[in-house]
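So the structure is just underneath, and the comments pick up after that.
The values are calculated or read from the model by the stated rules, or taken from the named source; none is laboratory data. Remember, predicted model here, so these are calculated numbers, not experimental data. We place every Cβ from the backbone using ideal geometry, glycine too, and count neighbours over all the protein chains shown.
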Amino acid sequence: MTLQTSPAGGARVVLSIDGISKTYAGGFTALKSVSLDIRKGEIFALLGPNGAGKTTLIGIICGLVNASGGQVEVFGHNIGGDFRLTRGRIGLVPQEMSIDMFTKVKDAVAYSRGLFGKPADPDYIEQVLKDLSLWDKRNEQMRALSGGMKRRVMIAKALSHDPDILFLDEPTAGVDVELRQGMWQVVEKLRQRGKTIILTTHYIQEAEEMADRVGVIRQGEIVLVEETATLMAKMGRKTLTLQLAEPLTTLPEALAVDGLSLAEDGHALHFDYDTQSDRTGITTLLSNLNAAGVSVRDLETQQSSLEEIFVDLVGGAS
């Protein structure tokens with residue numbers, strides 16, 4: 001399955017992935033003709049179970065893994081023919097930390113800038129550290145930092161050469177809830193500065209709250225790419241919960257319709273319906289309840305989360 005997605009509304013494409021595949025020497029196929037366009041200034045979340053191909057795809061884009069087929073262009077330049085130019089416009093925060101624990105924070109970030117052939121720029125490094133709330137830690141050795149602070153230093157190192165595109169591979173892995181919230185704020189600040197951000201995550205809430213678009217990869221194939229809000233509207237189911245004035249012991253036969261169930265305690269009815277259907281069936285249900293003499297005390301609706309949609313899409317793959 002090949003899914004080519006193009007940006008809407010004339011948004012500029014800054015990263016174009018066309019038919020990328022990867023088969024390793026042992027015969028394992030990690031990617032199968034993946035095609036995807038990433039828009040300037042967006043936050044794109046790539047979701048998928050372990051082994052789906054997320055890290056392999058990032059590795060190919062960043063020049064760390066050789067593709068078996070297809071091509072990648074960064075701002076119109078092929079990563080094979082213009083590797084130094086394209087790699088210089090990309091920052092990567094890998095899933096695994098690779099930091100000299102005895103190096104001071106500011107020195108680690110400045111050193112990363114030098115690796116890209118950029119001249120020393122203390123003012124820029126200072127700004128990056130301040131943006132990431134690391135300035136007061138600038139003279140501390142890496143080993144003295146918490147896990148969350150080390151993760152921020154990894155982002156600072158990736159931003160040291162001022163890239164236009166930033167990859168975050170599981171950026172909040174091992175980070176507590178408070179620091180995770182802070183990390184989300186950092187990512188939003190980066191987007192406001194015009195950075196394009198692609199993140200992989202196992203925290204579905206991150207994608208739902210942060211991403212403009214979501215891509216789902218399964219067994220090396222992109223199975224869906226959609227605007228986050230549109231995806232929720234298109235695929236999200238809703239559940240109508242009706243609190244009953246008097247409990248029921250069983251569901252009356254006259255009310256037995258698809259999607260309707262009685263709560264274990266008999267005090268509520270749950271009705272699942274499709275938000276995209278021409279007829280949800282709610283009006284008919286309420287009419288039938290009235291005819292059956294079942295009184296409703298209160299009702300509320302709840303929409304399925306992106307996590308539930310994701311589980312449905314990956315179909316239990318691991």
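Keeping to region 237-259, report how many residues are closer than 19 Å to residue 308 by Cα and surrounded by 15 or more Cβ atoms within 10 Å (Cβ to Cβ). Selection size over region 237-259: 5. From the list 286, 244, the lone residue that is touching a Ser or Thr at 6+ places or on another chain (Cβ under 8 Å) and at pLDDT 85 or above is 244.
To keep it simple, each residue is scored yes or no on (1) in contact with a Pro (Cβ under 8 Å, 6 or more places away or on another chain); (2) surrounded by 18 or more Cβ atoms within 10 Å (Cβ to Cβ); (3) small (Gly, Ala, Ser); (4) in a strand (DSSP E or B).
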{"residue": "33", "(1), (2), (3), (4)": "no, no, yes, yes"}
{"residue": "41", "(1), (2), (3), (4)": "no, no, yes, no"}
{"residue": "44", "(1), (2), (3), (4)": "no, yes, no, yes"}
{"residue": "52", "(1), (2), (3), (4)": "no, yes, yes, no"}
{"residue": "66", "(1), (2), (3), (4)": "no, no, no, no"}
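Number of residues in region 122-164 that are surrounded by 15 or more Cβ atoms within 10 Å (Cβ to Cβ) and on the phi > 0 side of the Ramachandran plot: the value is 1. Which one of these is crowded, with 19+ Cβ neighbours inside 10 Å, touching a helix residue (DSSP H, G or I) at 6+ places or on another chain (Cβ under 9 Å) and under 22 Å from residue 231 (Cβ atoms): 57, 15? Testing whether each residue is crowded, with 19+ Cβ neighbours inside 10 Å, touching a helix residue (DSSP H, G or I) at 6+ places or on another chain (Cβ under 9 Å) and under 22 Å from residue 231 (Cβ atoms) leaves just 15. When residue 60 is tested against (1) at pLDDT 90 or above; (2) on the phi > 0 side of the Ramachandran plot, exactly one condition is not met: (2).
Residues in region 116-139 that are under 29 Å from the mean Cα position of the chain (by Cα), in a loop (DSSP other than H, G, I, E, B) and not hydroxyl-bearing (Ser, Thr, Tyr): 116, 132, 134. A Cβ distance below 6 Å, combined with a sequence gap of six or more or placement on separate chains, defines the contacts here; from region 62-74, residues that are touching a residue at least 60 places away in the same chain (Cβ under 8 Å) reach no residue that is aromatic (Phe, Trp, Tyr).
Scanning region 77-107 for residues being part of a strand (DSSP E or B), touching a Lys or Arg at 6+ places or on another chain (Cβ under 9 Å) and either surrounded by fewer than 16 Cβ atoms within 10 Å (Cβ to Cβ) or of a type in the set (Phe, Trp, Tyr) (or both) gives a total of 1.
Regarding region 124-134, can at least one residue be identified that is at pLDDT below 90 and among the acidic types (Asp, Glu)? Yes: one or more hits.
The residue list 216, 223 contains one member that is surrounded by fewer than 17 Cβ atoms within 10 Å (Cβ to Cβ) and part of a strand (DSSP E or B), which is 223.
Give the residues of region 108-151 that are of a type in the set (Asp, Glu), farther than 25 Å from residue 180 by Cβ and either touching a Lys or Arg at 6+ places or on another chain (Cβ under 9 Å) or in contact (Cβ under 8 Å) with a residue 12 or more places away in the chain (or both), sorted by residue number.
121, 126
Of everything in region 187-209 that is surrounded by fewer than 18 Cβ atoms within 10 Å (Cβ to Cβ) and at negative phi, the residue that is farthest from the chain's Cα centre (by Cα) is 193. A residue that is out of contact with any Cys (no Cβ under 6 Å at 6 or more places or on another chain), over 23 Å from residue 102 (Cα atoms) and assigned to a helix (DSSP H, G or I) can be found somewhere in region 192-202.
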